[in-house]
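Note sheet for the following structure.
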Amino acid sequence: MPRTGTKSTARRAPARKAVTKSRPKAARPAQAKRAVTAAAKQPKRPSQFFRVSHHSEEDFETGLRRYAKYRDLGMKKATGGMVQAHVIRFVGPCRPEEVSKLHTHDVEFQMVYVLKGWLKTELEGQGVHVMRPGSAWLQPPRIKHKVLDYSDDCEVLEVILPADFDTTELE
């Protein structure tokens, strides 16, 4: 027989509320307009196609600077000018009076990765860094920088957007 009028120490779990699935809210007109405007501001990217580049010593050519040879990886053509990628082989011995020129590049993106050797560089507001194999860095657009020194076997991979850009010597 159940007891009546006595207190129990057991607590009842609170009743759970029924969960209703909500539908996504319709975009407000202002939000929709902003989304359309943002999409319209995105530049139309050129079409891309498959490209492979196999290593060949004959592919290294003198380019932007006399103290460096460049091996174009063919990404400019493959991306319709959107991306430049090349391996830079620095020609030794380093002559600081020639290489240590402060300059900028008018780019949207520039990333450098050290493949072999080492490179000593200085970037505005970031100080001096010695980059070694496996080091990678992003150079923000138009950051003032210069190469201070490099090993005779230094090679880096550089990826730049857009493929065609201006370099401004400041010294």
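Candidates are the residues of segment 132-171 that are of a type in the set (Asp, Glu) and touching a Gly at 6+ places or on another chain (Cβ under 7 Å); the one that is surrounded by the most Cβ atoms within 10 Å (Cβ to Cβ) is Glu155. Assigned to a strand (DSSP E or B) and under 25 Å from Glu58 (Cα atoms): does that describe Leu157? Yes: the conditions hold for Leu157.
The residues listed here are Ser151, Ser100; of these, the one that is at pLDDT 95 or above and of a type in the set (S, T, N, Q) is Ser151.
Only one of the numbered conditions (1) at pLDDT 85 or above; (2) in a loop (DSSP other than H, G, I, E, B) is violated by Phe49, and that is (1). As a summary of the residue check, Arg51 satisfies the conditions (1) within 22 Å of Leu148 (Cα to Cα); (2) of a type outside the set (Val, Ile, Thr); (3) touching a helix residue (DSSP H, G or I) at 6+ places or on another chain (Cβ under 8 Å) except for the one numbered (1).
Looking only at segment 47-63, how many residues end up being exposed (fewer than 12 other Cβ atoms within 10 Å of the Cβ) and in contact (Cβ under 8 Å) with a residue 24 or more places away in the chain?
3
Answer with yes or no whether Arg89 is in a strand (DSSP E or B), in contact with a Cys (Cβ under 8 Å, 6 or more places away or on another chain) and either more than 21 Å from Ile143 (Cβ to Cβ) or among the basic types (Lys, Arg) (or both). For Arg89, the condition - in a strand (DSSP E or B), in contact with a Cys (Cβ under 8 Å, 6 or more places away or on another chain) and either more than 21 Å from Ile143 (Cβ to Cβ) or among the basic types (Lys, Arg) (or both) - is met. Scanning segment 84-112 for residues that are under 24 Å from the mean Cα position of the chain (by Cα) and without any contact (Cβ under 8 Å) to a residue 60 or more places away in the chain yields Val107, Glu108, Phe109, Gln110, Met111, Val112.
The values are calculated or read from the model by the stated rules, or taken from the named source; none is laboratory data. Keep in mind that what you see is a predicted model, and the values were worked out from it rather than measured. In this analysis, Cβ positions are derived from the backbone assuming ideal geometry, glycine residues included, and neighbour counts consider all displayed protein chains.
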